[in-house]
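Here the structure comes first, spelled out in structure tokens, and everything after it is commentary.
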Amino acid sequence: MQWLNDVFGVPKPIIAMLHLGALPGDPAYDTASGMRKIVDDARRDLDALQTGGVDAVLISNEFSLPYLTKTEPITAITMARVIGELLDEITVPFGANVLWDGVASIDLAAATGAAFVREIFTGVYASDFGLWDTNVGYSARHRRRVDAGNVRLLFNVVPEATSYVAQRDLASITRSTVFNAKPDALVVSGLTAGAPTDSSALSTVKQNAGEVPVFVNTGMRAETAEQQLAIADGAVVGTALKKDGKFENHPDVNRVTELMAVVKDYRSSLPASAVG
């Protein structure tokens, strides 16, 4: 797990979601306000997250609902424009996530200097977005072709709003994913963004992931941070950091500060070997 310390510099890192508004081509795109509002909102959200003390940010097109499993070029191109405008203001490690397209996420990371991506790289699922197939072998080779070997891949082993097509238990899926696909980390999700991650599922993945780090991917709050970080190696947090804890709102610096205070207090209790 040395790469976690190399990238984040702290134990149990908290990756905050920076949700971009609906983009050109998305059903909810605001043509009147245009790209300027998307960039301005992202800048405001970035400031709130960094001021509140998060360890990293993950920039995603969260409001591109309903999502495509193979995105159109305009999505990653637009996201690259936003990241490019913010790049000089980003003071923490950052990741890129083009929902739900692993190859586009890798491309965006390679183009912008993102340190990691989070996506669905393995498995076949029945989902709200149709039958969802993946090709991890192609994704791994694509990462090599675009010289993105330093971009860490966070695999969502329990994707949101889906059911694994094969009748396999979570422990087996975790073990075979680690063996066959060589993920840099695994993330475990609830039903949707902001929905609690089941602690028993999180424990199952952690117990079967070997040396691969495991992250809570949805639903962690200040009240549950200590319990879930006792199991996981870090967390991705979005909705809990927003005003009133609502998905549709912007980050609230007070909520960010509150959660990070709990996390930092928990870290102070960890043995020196965990901090190293």
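Results, tabulated for the structure shown:
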quantity: Reachable aspartates and glutamates from residue 206, criterion Cα separation under 12 angstrom, eight or more residues apart if same chain; calculated: 233
quantity: Phi to ³J(HN,Hα) by Karplus 6.51 cos²θ - 1.76 cosθ + 1.60 over region 182-198, Hz, x for Gly, Pro; calculated: 6, x, 7, 7, 10, 10, 10, 10, x, 5, 9, 3, x, 7, x, 7, 5
quantity: Amide hydrogen neighbours beyond the local backbone of residue 237, cut-off 5 Å, H modeled; calculated: 15, 16, 17
quantity: Length-normalised contact order of region 1-268 in % [C-alpha pairs under 8 Å, at least 6 apart]; calculated: 18
quantity: Filtered chymotrypsin sites (Phe, Trp or Tyr not before Pro), region 172-276: DSSP coil and at most 16 other beta carbons within 10 Å; calculated: 247
quantity: Surface share of carbon and sulfur [accessible, 1.4 angstrom probe, percent] for the chain; calculated: 52
quantity: Hits among lysines - C-alpha to C-alpha of residue 246 under 27 Å, sequence gap 8 or more where chains match; calculated: 12, 37, 264
quantity: Estimated vicinal HN-Hα couplings, Hz - region 158-168 in sequence order (Karplus 6.51, -1.76, 1.60; Gly, Pro = x); calculated: 10, x, 6, 6, 9, 9, 4, 5, 6, 7, 10
quantity: Option label - Rg and Dmax of the Cα atoms in Å computed here, alternatives (1) 17.4, 53; (2) 22.0, 70; (3) 22.2, 75; calculated: (1)
quantity: Accessible area per residue, Å², region 1-268 with all protein chains present, probe 1.4 Å; calculated: 42
quantity: Heavy-atom accessible area order for 18, 68, largest first, 1.4 Å probe; calculated: 68, 18
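The values are calculated or read from the model by the stated rules, or taken from the named source; none is laboratory data. What you are looking at is a predicted structure, and each value in this text was computed from that prediction instead of being measured. All Cβ positions, glycine included, derive from the backbone under ideal geometry; neighbour counts span all protein chains shown. Only protein heavy atoms, including side chains, enter the accessible area calculation; ligands, DNA and RNA are left aside. Shrake-Rupley method; radii C 1.70, N 1.55, O 1.52, S 1.80 Å.
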